[in-house]
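Heads up, the thing below is written out as structure tokens.
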Amino acid sequence: MNGKRVTTLFLTVSVSILLIFSVKCRYDIADKSQKESNLLKIVTTTTMLTDLVYQLCGDSVELTGLMGAGVDPHLYKPTEGDVFKIYYADIIFYNGLRLEGRLDDLFAKMKLRGINTIAVADALSANDLISLDNTNTNFDPHIWFSINNWKSIAWFVSQVIIESDKKNEYYYLQRLHNYLQQLDSLDKYNREKLSDIPLSRRVLITAHDAFGYFGKEWDIEVIGLQGINTVSEIGARDVRRLADFIVKRQIPAIFTETSVSDRNIRALREAVRSRDFEVTADGTLFSDALGAPGSIEGTYIGMYRHNVTTIWQALK
Ligand SMILES: [Zn+2]
């Protein structure tokens, strides 16, 4: 490691320690009310996880979601306010599998501090995951698009919460049971809609590779213009290659995503048009973040139904 990198590393670690220390001091002086609350303090990262914990617990816990609607978890950097919330959490739930790559260091530190810091991906076995390189160490992190995975995660999250709040066990189990039934209804709706799409038209072109589990579950070929992670850049060659594929296969739709810039998708549309082909349908899908709080798409179930309806309308 050269001198410059050592200095940079030293500065990064020092700033992180100072940040945590200054947040702690401010908290101790300014806000004692949180300490006095009897409710379990749960912090979640993605909007999908925030919704899940809300569905499982209602208002019986103090729930803080770090990311909002339309926020890309691949690119999300922790703010000073996040460190403050995380520092005093009883339980932190995050997706894992490097989805929230820029929060990984912070979570490792919280684990060392003894805070119950849980990657929900730990609810799943290698058989439930899509391997990215056949090594069983690098998996697609977009696990919520498998409803079976989401059920396992709901059960797992519920158990973790019950371990910390035994007195409300019956209430949490009732809510879990109710939620699993709602997921079964969603599954039925998806099956009815998606089975209506002819096999030859089951191709989903999106801004990034978020729909691998969706495609596997519903027998749809998925192609993201950007890879698994939105951190990577795409080149003109990627756009040309995908435009050629769309024209060759006469694919009728290209989808944008709410949490990813549509710049690359607009370039793809232009490239398709320049080949004298026009996609006849499009739509916007929710991939790595839910819709606005209070909207139908602001819940996991509403988001999934929106996506399925949009895909069905475009490809049927
Ligand atoms: Zn993603």
Fill in: Members of region 110-149 found to be within 16 Å of the ligand (Cβ to nearest atom), touching a residue at least 60 places away in the same chain (Cβ under 8 Å) and in a helix (DSSP H, G or I), listed by number
Val120, Ile143, Trp144, Phe145, Asn149
Worksheet entry | Matching residues in region 232-255 - criterion: being more than 17 Å from Leu204 (Cα to Cα) and loosely packed, with under 14 Cβ neighbours inside 10 Å | Ser232, Glu233, Gly235, Ala236, Arg237
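Determine which member of the set Asn229, Asn307 is modelled with pLDDT under 95, surrounded by 14 or more Cβ atoms within 10 Å (Cβ to Cβ) and within 16 Å of the ligand (Cβ to nearest atom).
Details: Asn307 fails: modelled with pLDDT under 95.
Just one listed residue meets the conditions, Asn229.
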Worksheet entry | Subset of region 194-218 (residues that are away from the ligand (no atom under 16 Å from the Cβ) and part of a helix (DSSP H, G or I)) | Leu194, Leu199, Ser200, Arg201, Glu217, Trp218
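Tally time: how many residues in region 151-166 are under 15 Å from Met48 (Cβ atoms) and either part of a loop (DSSP other than H, G, I, E, B) or within 16 Å of the ligand (Cβ to nearest atom) (or both)? First the steps, then the outcome.
In the first step, residues of region 151-166 are kept if they are under 15 Å from Met48 (Cβ atoms); the result is 151-154, 156-157.
Subset that is either part of a loop (DSSP other than H, G, I, E, B) or within 16 Å of the ligand (Cβ to nearest atom) (or both): none.
Count: 0.
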Practice prompt. Could you tell me which numbered condition Leu75 fails, if it satisfies all but one of (1) buried (at least 16 other Cβ atoms within 10 Å of the Cβ); (2) within 15 Å of the ligand (Cβ to nearest atom)?
Written response: (1)
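Would a scan of region 167-175 turn up a residue that is touching a residue at least 60 places away in the same chain (Cβ under 8 Å), over 25 Å from Ile220 (Cβ atoms) and not in a helix (DSSP H, G or I)? It would help to see each step written out before you state the result.
So in region 167-175, the residues touching a residue at least 60 places away in the same chain (Cβ under 8 Å) come out as 168, 171-172, 175.
Filter once more, keeping what is over 25 Å from Ile220 (Cβ atoms): 168, 171-172, 175.
Filter once more, keeping what is not in a helix (DSSP H, G or I): none.
Among the residues of region 167-175, not one is touching a residue at least 60 places away in the same chain (Cβ under 8 Å), over 25 Å from Ile220 (Cβ atoms) and not in a helix (DSSP H, G or I), which makes the answer no.
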Fill in: region 272-292, residues that are assigned to a helix (DSSP H, G or I) and surrounded by fewer than 18 Cβ atoms within 10 Å (Cβ to Cβ)
Arg273
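Does Lys216 meet the test of being at pLDDT 90 or above, under 20 Å from Glu297 (Cα atoms) and either among the charged types (D, E, K, R) or in contact with a Pro (Cβ under 8 Å, 6 or more places away or on another chain) (or both)?
So Lys216 does not fit the description; no.
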Response to the item:
So, first residue farther than 25 Å from Leu194 by Cβ in region 217-233, second residue surrounded by 13 or more Cβ atoms within 10 Å (Cβ to Cβ) and charged (D, E, K, R), Cβ within less than 6 Å, six or more apart or across chains; the pairs are Thr230/Asp72
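Going through region 237-258 one residue at a time, which ones are in contact (Cβ under 8 Å) with a residue 24 or more places away in the chain and part of a helix (DSSP H, G or I)? Give the steps one after another, and end with the answer.
Restricting attention to region 237-258, the residues satisfying the condition of being in contact (Cβ under 8 Å) with a residue 24 or more places away in the chain are 239-240, 242-244, 246-247, 249-258.
Passing the criteria: Val239, Arg240, Leu242, Ala243, Asp244, Ile246, Val247, Arg249.
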Worksheet item: If you take the residues of region 265-283 that are touching a helix residue (DSSP H, G or I) at 6+ places or on another chain (Cβ under 7 Å) and not charged (D, E, K, R), which of them is farthest from the ligand (Cβ to nearest atom)?
Response: Phe277
Worksheet item: What tally of residues in region 268-316 results from selecting those that are closer than 22 Å to Ala154 by Cβ, of a type in the set (Asp, Glu) and touching a residue at least 12 places away in the same chain (Cβ under 8 Å)?
Response: 1
Worksheet entry | Identity of the residue in region 256-271, buried (at least 22 other Cβ atoms within 10 Å of the Cβ) and in contact with an Asp or Glu (Cβ under 7 Å, 6 or more places away or on another chain), that ends up farthest from Glu297 (Cα to Cα) | Val260
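Could you please give the count of residues in region 78-102 that are within 16 Å of the ligand (Cβ to nearest atom) and under 26 Å from Tyr172 (Cβ atoms)?
Final tally of qualifying residues: 6.
The values are calculated or read from the model by the stated rules, or taken from the named source; none is laboratory data. All values derive from a computational prediction rather than experimental measurement. Heads up, the Cβs are rebuilt from the backbone with ideal geometry, glycines too, and the neighbour counts pull from every protein chain shown.
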